[in-house]
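The values are calculated or read from the model by the stated rules, or taken from the named source; none is laboratory data. From a predicted model like this one, the values you see are computed outputs, not experimental measurements. Neighbour counts run over all protein chains shown; Cβ positions are idealised from the backbone, glycine included.
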Amino acid sequence: GFKKQFLPESDSILHATKLLEKGQSETLEFNAPTEAGEYNFICTFPGHALLMRGIMIVK
């Protein structure tokens, strides 16, 4: 829950932001993978992943 910021323990999670309240924002900077491909990203807060998701494309 809130104590773990709704992040499951998984090696698939490479980067994450803290939980944000309405109106807050945060910048997440990281080096993209060197291997070309499509990388999924989602919001792990319960119920949010249906709409808060996308694909990062590395060429």
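Residues of the stretch 30-59 that are surrounded by fewer than 10 Cβ atoms within 10 Å (Cβ to Cβ), part of a loop (DSSP other than H, G, I, E, B) and out of contact with any His (no Cβ under 9 Å at 6 or more places or on another chain): 31, 34, 35, 36, 46, 47, 50, 51, 59.
Among the numbered conditions (1) in a loop (DSSP other than H, G, I, E, B); (2) at pLDDT 95 or above, the only one that residue 7 does not meet is (2). Restricting the stretch 20-57 to residues that are modelled with pLDDT of 95 or more and β-branched (Val, Ile, Thr), the residue that is nearest to residue 6 (Cα to Cα) is 55.
Is it fair to say residue 34 is more than 9 Å from the chain's Cα centre (by Cα) and β-branched (Val, Ile, Thr)? Here the answer is yes, as residue 34 does meet what is asked. Residue 16: surrounded by 11 or more Cβ atoms within 10 Å (Cβ to Cβ) and within 9 Å of the chain's Cα centre (by Cα), yes or no? Here the answer is yes, as residue 16 does meet what is asked. So, residue 31, is that one in contact (Cβ under 8 Å) with a residue 12 or more places away in the chain and of a type in the set (S, T, N, Q) or not? No.
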